[in-house]
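The values are calculated or read from the model by the stated rules, or taken from the named source; none is laboratory data. In this text, all values refer to a predicted model and were calculated from it rather than measured experimentally. Using ideal geometry, Cβ is built from the backbone for each residue, glycine included, and neighbour counts are taken over all protein chains shown.
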């Protein structure tokens, strides 16, 4: 099919083929989380995202795609080591549990997480996430941060996985180019960032919150802190931040979805 060596192209017709185990039941979130953690893998979905993952240096365990995508991804497949499993789109749907709109999937090896110091090296603007459990929100936040000039993302231990398939897809692969890691110490995470020279600005409805434009004005190294979808920031993180900020809104509306709020706050921070 016009694909350079050394990639092995394997045509499969049986959706129960054991070689497809990495791609099975992708809609079952709990199953996928345990399987991917156990085997040290993650899934990328769609031609653009698969390409960005491989170009970022992630090593593929295998690829799965419909025949019409093979030639277009030939340069990606040539980076190996493969194999590339090729199936009709209807059969892929039987394996994954849903229609893969962009016809291409890849199973890739995870990397060891870097240290906080490695992620923060040279960073001027950082997003810090506490207990965001929705994969879509995490992906959207990575995408906003990357688009608006943020250099890194730090996640509290209970945040959703940025390498979960839905997170990657929503973020259009921003997780592959944005340095990130998990914070080993939740309780003192913000004071430790302050000691590293960052001004921590928490987005919260605290009584002493000021407009986000004022909170970030004059800040050199900024850590923008965002809380969970339901309750927002914990009391510990809200009080241990250097500053607290709000996004000004019309009367009767007090908040935005956390992904939307992040985009607005990142835009204000980028203009500081």
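Quick notes on this structure:
- Test: residue in the range 260-272 that is in a loop (DSSP other than H, G, I, E, B) and surrounded by fewer than 19 Cβ atoms within 10 Å (Cβ to Cβ): yes
- Scanning the range 250-259 for residues that are more than 19 Å from the chain's Cα centre (by Cα) and closer than 24 Å to residue 134 by Cα, we see that the one that is surrounded by the fewest Cβ atoms within 10 Å (Cβ to Cβ) is 253.
- Flag if residue 225 is assigned to a helix (DSSP H, G or I), in contact (Cβ under 8 Å) with a residue 40 or more places away in the chain and not assigned by TED's automatic domain parsing to the domain that holds residue 96: no
- Considering residues of the range 42-62 that are under 20 Å from residue 95 (Cα atoms) and surrounded by fewer than 19 Cβ atoms within 10 Å (Cβ to Cβ) only, the residue modelled with the lowest pLDDT: 47
- Filtered residues of the range 70-90 (kept if within 24 Å of residue 177 (Cα to Cα) and either free of Cβ contacts under 8 Å to residues at least 12 places away in the same chain or part of a helix (DSSP H, G or I) (or both)): 74, 75, 76, 77
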